[in-house]
Amino acid sequence: MTLFGKRKNVLPGFGLSLGFTLAYLGLIVLIPLSAAFIKTAGLSWADFIAAVTSPRVVASYKLSFGVSLLAALVNAFFGLILAWVLVRYTFPGRRIVDALVDLPFALPTAVAGIALTAIYAKNGWVGQWLEPLWAAGVQRLSEWIPWINWTEWVGGKLAFDRPGIFLALTFVGLPFVVRTLQPVLSELEPEIEEAAATLGANRWQTMTRVIFPELLPALITGFALAFARALGEYGSVVFIAGNMPMHSEITPLLIITKLEQYDYRGATAIAVVMLAVALLMLVAVGSLQTWSRRRLGGVR
Amino acid sequence: MISSFHFSRFILVLGLIGAVLAPLARADRTLLNASYDVTREFYKEYNAAFITHWKEISGETIVINQSHGGSSKQVRSVIDGLAADVVTMNGVPDIDQLAKVSLIPADWQQRLPHDSIPYTSTILFLVRKGNPKQIKDWPDLIKEGTGVIIPNPKTSGNGRYSYLAAWGYALRQPGGDEAQAKAFVKKLFGNVPVLDSGGRGATTTFAQRAIGDVLLTFENEAALILKEFGSDGIEVVVPSTSVLAENPVVWVDKVVNKKGTEKLAKAYLEYLFSPVGQELAAKYYFRPLDASALAHYPGRFPAIPLFSVPEVFGSWEKAQKIHFTDGGIFDQLYQK
């Protein structure tokens, strides 16, 4: 168990492979990331705080984390359905649908952003129908619940506003949930469901008390991956967000903006905050997963 | 099968090595010009002209490479080590960044004629066909319900000049003062529905996504946009007054000293001020300094009063500091 203990592992090569792993991770992940911290170190503490807490930056944190969370939740829900359909049913064209799921992985995100904008802009295929509906919906909401500024919160337009950011982030996050759920789903043996049925469970009970607990850890992993991906996404969002300060500027855009202004330190300061928060959230999700495994999974 | 695969890979590798080494075999001196997005066509033709000129006066054959991209991205590349012999930009502040890291001396503008600015441009309006909103001049831009497309002034030369042009217009009105200018730009940016980070993005937003009623852009870029989208119904509107957009050029001392290309780089930039360079600039819709080059294109450059940034704002440094630093006036426009 212990890392440097005397106990011999049954499997040979532990020291070598761990050493290789650490060296590799260091080279690929840690050294570039620590460069961000070192650049930031040029800032005084007060400047650092000022850079990462200016109102415009704080507004972007709220937006980035909020919309990423929303997109990951939606992906978790629809990704579950999609994975279920792909694993459980055979239908013509299934393999094509299955391959389509990977497209967001492969497509340059800028292309995705441009394509989404072209479709959802008010002169686009979908946008020309959907945008008036959306605007009317927001208008209606504002009449019903006037004490919330709905145009500010959910955006009055589709493309070039907050809904556009949500669309882009949902797009890039989709494969993560589907691809983490698929293997788990296909390993679930139908016998378990049959056993549940013979023991008198109805379909709803089988779903919520037998299948879902098995899927939950993988679902959380997929959710966490989709969320992390959405947080860092830049390429597709800038095309569709409208990029209005205090309203639809995501944090990665602010980092780029700072670079464009030759403010390397300010840019890395924001990056450091993002990294730290993202790491914290991923650790939190990880422990949630462990908990859910112990609490619900039982098997693993 | 396997060995033939290996063999073909071997050939491929050989080919690649050859491709990499081939330029080294030719010992022609090279010059790299790092410029911004829309100068590509102009410099392509200018480079060919200069290569011929240099061959005539020195007998040497040279190769000129071009690198184009967003202005600040280009300058950042040079700061981070791109060995560009010359840098040609659309704003003094970008080149000042090179002086800040001592790649060039602080007085770089004094080394070439006319403050190192061989050609200029200005900010004009592009509107939709027939000008349905009747946009004629700056005050029309702040009317309610007018959508104005300007890229982010903090990240694009285009947006920066547009912002300063609006400010300068308001300030120079009879009885105009700072407060009125601020109110004017606040209203103006209240009409901006999308803030793209660069001029190219703003053009797409306006021309292809049909967002906004008017696009503010450089005169030379307006010409390119009209060429590309003219049939879709875009018209130019010339305001009563605007800003003088200066396009400074500089050779990068640290690079040319190392490569031994100082004389060549200097000659390259000086040639921009010659009749040939001036004529080509005018051909590509940059306002030349040279009156005879200007005369070759009657009607192309509307003679409206242009004010320069140092004239209205004291200096570029001041304008940059007051308006575009974090927490500056531009940021204040969006504070709630």
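Heavy-atom accessible surface of the stretch A:119-195, averaged per residue, reaches 55 Å², computed with a 1.4 Å probe. Counting only Cβ charges, +1 for Lys and Arg and -1 for Asp and Glu, the dipole size of chain B around its Cα centre is about 620 debye. Would you please classify the overall shape of chain A from the alpha carbon gyration tensor, given that a ≥ b ≥ c denote the square roots of the eigenvalues, rounded means a/c under 1.5, and beyond that prolate means a/b larger than b/c while oblate covers the rest? Note, shape of chain A comes out oblate.
When you restrict to C-alpha pairs under 8 Å that are six or more residues apart and normalise by the size of chain A, the relative contact order lands at 28 percent. For the stretch A:1-140, the square roots a ≥ b ≥ c of the C-alpha gyration tensor eigenvalues yield an a/c of 1.5 or more together with a/b not exceeding b/c, which makes the shape oblate.
With each label modelled as a point 7 angstrom along the Cα→C-beta vector, the A:Ala201-A:Arg94 pair spans 2.3 nm. Of the residues in the stretch A:11-59, those shielded by at least 50 Å² of accessible area once partner protein chains are present, compared with the chain alone at a 1.4 Å probe, are A:Arg56. Computed in the context of the full set of protein chains, the accessible area of the stretch B:138-248 at 1.4 Å probe radius has 50% of its extent on carbon or sulfur.
For the stretch B:246-302 and the stretch B:33-73, compute the distance between their C-alpha centroids and round to whole Å. If we compute the Cα centre of each part, the gap is 11 Å. List for the stretch B:43-76: residues with 20 Å² or greater reduction in accessible area, all protein chains versus chain alone, probe 1.4 Å? Those are B:Ser72, B:Arg76, which lose 20 Å² or more relative to the chain on its own. Ligands, DNA and RNA aside, B:Trp167 has an accessible area near 10 Å² when probed at 1.4 Å.
Buried accessible area for the B:A pair, summed, 1.4 Å probe, in Å² rounded to 100? About 2300 Å² of accessible surface is lost on pairing.
Summarising the amide proton neighbourhood of B:Ile149: residues at separation of 5 or more, or on other chains, whose placed amide H is nearer than 5 Å comprise B:Asp213, B:Val214, B:Leu215, B:Leu216.
Nonpolar atom fraction for the stretch A:239-300, defined as the carbon and sulfur part of the 1.4 Å probe accessible area, stands at 69 percent. In the stretch A:246-281, burial by the other protein chains removes 20 Å² or more of accessible area from A:Met246, A:Thr257, A:Lys258, A:Leu259, A:Glu260, A:Gln261, A:Tyr262, A:Tyr264, compared with the chain on its own (1.4 Å probe, ligands and nucleic acids ignored). Taking 41 Å as R0, compute the FRET efficiency from the Cβ-Cβ separation of A:Leu280 and A:Phe78 and round it to 0.05. Efficiency, from the Cβ-Cβ distance: 0.95.
Counting only DSSP beta bridges whose two residues both lie in the protein assembly as shown, roughly 55 percent are antiparallel.
Summary: within chain B, the longest segment free of GluC sites (Glu not before Pro) located in DSSP loops with at most 13 other C-beta atoms within 10 Å is B:145-336.
For chain B, the relative contact order comes to 22 percent (Cα pairs under 8 Å, sequence separation of at least 6).
In summary, the lysines within cross-link reach of B:Lys182, defined as a Cα separation below 30 angstrom excluding same-chain residues under 8 places away, comprise A:Lys62, A:Lys157, A:Lys258, B:Lys73, B:Lys100, B:Lys133, B:Lys136, B:Lys143, B:Lys154, B:Lys318, B:Lys321, B:Lys336.
What's the magnitude of the charge dipole for chain A around its Cα centre, counting Lys and Arg as +1 and Asp and Glu as -1 at the beta-carbon? Answer in Debye, nearest 20.
Computed charge dipole of chain A: roughly 720 debye.
Taking amide H atoms as placed 1.01 Å from N in the peptide plane, the amide H of B:Ser308 lies under 5 Å from those of B:Leu244, each 5 or more residues away in sequence or on another chain. Between the listed residues B:Ile123, B:Asn220, B:Pro193, the Cα displaced farthest toward the positive end of the dipole of chain B, a dipole computed from Cβ unit charges relative to the Cα centre, is found at B:Pro193. The dipole here belongs to the protein assembly as shown: it is taken about the Cα centre, uses +1 on the Cβ of Lys and Arg and -1 on the Cβ of Asp and Glu, and is about 1580 debye. Taking every protein chain into account, the accessible area of the stretch B:40-186 amounts to 38 square angstrom per residue (probe 1.4 Å). Could you tell me whether chain B comes out rounded, prolate or oblate from its Cα gyration tensor? Rule is a ≥ b ≥ c as square roots of the eigenvalues, rounded for a/c under 1.5, then prolate if a/b exceeds b/c, otherwise oblate. It comes out prolate by the Cα gyration axes.
Across the options B:His323, B:Ala181, B:Ser242, the greatest Cα extent toward the positive end of the charge dipole of chain B (unit charges at beta carbon of Lys, Arg, Asp, Glu) belongs to B:His323. Farthest towards the positive end of the charge dipole of the protein assembly as shown, among the residues A:Thr206, B:Tyr169, B:Thr261, is the Cα of A:Thr206, using unit charges on the Cβ of Lys, Arg, Asp and Glu.
Taking all protein chains together and a probe of 1.4 Å, list B:His68, B:His323, B:His296 from the most accessible to the least accessible.
Result of the area sort, largest leading: B:His296, B:His68, B:His323.
In summary, the lysines within cross-link reach of B:Lys283, defined as a Cα separation below 20 angstrom excluding same-chain residues under 8 places away, comprise B:Lys44, B:Lys227. Based on protein heavy atoms only, the stretch B:236-323 ends up with 45 Å² per residue of surface accessible to a 1.4 Å probe. Put the Cα centre of the stretch A:228-252 next to the Cα centre of the stretch B:173-216 and the gap is 20 Å.
The values are calculated or read from the model by the stated rules, or taken from the named source; none is laboratory data. Predicted model, so just to flag it, every value in this text is computed and none were measured. Note that each Cβ is placed from the backbone with ideal geometry, even for glycine, and that neighbours are counted across all protein chains shown. Only protein heavy atoms, including side chains, enter the accessible area calculation; ligands, DNA and RNA are left aside. Shrake-Rupley method; radii C 1.70, N 1.55, O 1.52, S 1.80 Å.
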